[in-house]
1. Of all residues being open to solvent by 80 Å² or more (accessible area, probe 1.4 Å) and out of contact with any helix residue (DSSP H, G or I) (no Cβ under 6 Å at 6 or more places or on another chain) in region 218-244, which is farthest from A285 (Cα to Cα)? Just the residue, please.
2. Can you find, within region 64-86, the residue that is nearest to the chain's Cα centre (by Cα) among those that are within 16 Å of A205 (Cβ to Cβ) and hydroxyl-bearing (S, T, Y)?
3. Please work out if F265 is open to solvent by 60 Å² or more (accessible area, probe 1.4 Å) and modelled with pLDDT of 95 or more.
4. Give the residues of region 79-93 that are open to solvent by 10 Å² or more (accessible area, probe 1.4 Å) and in a helix (DSSP H, G or I), sorted by residue number.
5. Within region 1-53, count every residue that is assigned to a helix (DSSP H, G or I), over 28 Å from the mean Cα position of the chain (by Cα) and modelled with pLDDT under 90.
6. Just checking, does region 197-217 include any residue being outside any helix (DSSP H, G or I), surrounded by 14 or more Cβ atoms within 10 Å (Cβ to Cβ) and touching a helix residue (DSSP H, G or I) at 6+ places or on another chain (Cβ under 6 Å)?
7. Sort out which residues of region 94-124 are surrounded by fewer than 23 Cβ atoms within 10 Å (Cβ to Cβ) and aromatic (F, W, Y), and write them in order of number.
8. Looking at region 125-158 only, could you name the residues that are of a type in the set (S, T, Y) and open to solvent by less than 80 Å² (accessible area, probe 1.4 Å)?
Amino acid sequence: MNKLVENERVMMILIPVVSAILGLIAGAVIMLLGGYDPMLGYQSLFDGMFGTPKAIGETIRAMTPLALAGIAVAFAYKTGLFNIGVEGQLLVGWLASVWVGYAFDLPAVIHIPLAVLVAAAAGAVWAFIPGFLKAKFHVHEVIVSIMMNYIALYTTSSLIRTYLYAGNEKSYDIKESASLASSFLAQLTDNSRLHYGILITIAAAIVMWFILNKTAKGFELRAVGFNQHASQYAGMNVGRNIVLSMAISGAFAGLAGAMEGLGTFQYMGTFTAFTGTGFDGIAVALLGANSAIGILLASFFFGGLQTAAPQMNFMTGVPSELIQIVIALIIFFVASSYLIRWVLGRAGKGGAK
C-alpha cells in the first residue's frame, strides 16, 4: 500500500515535468517547420525569463496573479467543482481593490489589508452566486460561472466609466497608502515591477493547503467533492459545503485581481475583452497537479513564458503567439496523463528487468 502511494506521488511530479518537456519539444518542431532556429529561440526565451535580475523580477511579478488564479481553480476542483468563473471573480476583486485604494484616506497598515480583504470578499460574493444555484437548484456551476464572467467584464467597465473614470480608458490611480509596490524589490531586481503581492500569494498557497489537509472543514469539503450522497448520509450539509467551497475559491480569485490593482498597475482599465489570467489559472492548476507547491512552480514557469515571449520575438523573429501554442501543448500532454503514465510504467518495468 505504501509503495502504491509512493508511486502515485512520483507520478504526480513526473507527469507535469514530462508534459512541460514534451510541450517545449513540440514547440521546437513547430519552430523548425516555420523556418526558425529552435535553439536560438529558446535561448532568447530563457534569457528573457532568468537572464537578468529584471527578467526574474518580471517573471515573479507575472506569476503572482497566475498562482492565485490557479489556487482558486484548484480549490474548487479539490472539492468536486469546476470554477471556470475565476476571470470574472478576478475582475470584480480588481475593481473592489482599486475603489478602496482610491476612495479612502487611511494609514498604509490599515489601507492595504482593507483593500486586499475587500477584493477577496468581492470575489467570494461573485462566486457565491453559482455556488448557491448549484446547491439549491442543481444548476451546473460551469454554465453560471461562464455567464458571470461576461457580467463582470461589462459591469466593471460600466462602473469605472460612471464613478471612477480618469480618462484614457482607465480608473483613477490608487493612493500610495494602498499600494503594494516595493522600492526595495524594484531596486533588487533592476527596476522591475515586482511587488509585495508575492508574499500574499505564498501565504494564500499555504492557506489553501492548510484548509484542505489540516482542518475538519477541509475534510468535509473534499468528502463532498468525492461523493455527495455518502457525505449527506454521514450527516454533512452538502449544499452549504458547495456554497462555501465556491466562495473560498472566489476569494482567492478576488485576491488575484487585487494583485493587479494594488501591485502591477495601481489602477483598472475599462476592459472590452478578458485579461486571460483567470483562464490561464486553469492551465496553471492542471500543470501544478492542483497542489499548492505545484501551482507556485507552474505559475512561475507560465509567468516566465508570457513575459519573455516578446523578447524571443524581438531577438529571433519567432512569433510570440508560439508561446500560447506551447502552453496549449503542455496542457494537452497533462490531459493525456494516462498515456504518459503507461509509457513511464513500461519504462520503469524495463529498467527493473
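The values are calculated or read from the model by the stated rules, or taken from the named source; none is laboratory data. These numbers were taken from a predicted model, which means no experiment stands behind them. Virtual Cβ from ideal backbone geometry, glycine too; neighbours counted across all protein chains shown. For the accessible areas, the whole protein counts, side chains as well, though only heavy atoms, and no ligand, DNA or RNA atoms are used. Shrake-Rupley method; radii C 1.70, N 1.55, O 1.52, S 1.80 Å.
1. Here the residue is Y233.
2. T64
3. In short, yes.
4. Matches in region 79-93: V92 only.
5. 3
6. No; the residues of region 197-217 include none that is outside any helix (DSSP H, G or I), surrounded by 14 or more Cβ atoms within 10 Å (Cβ to Cβ) and touching a helix residue (DSSP H, G or I) at 6+ places or on another chain (Cβ under 6 Å).
7. Y102, F104
8. The answer is S145, T155, T156, S157, S158.
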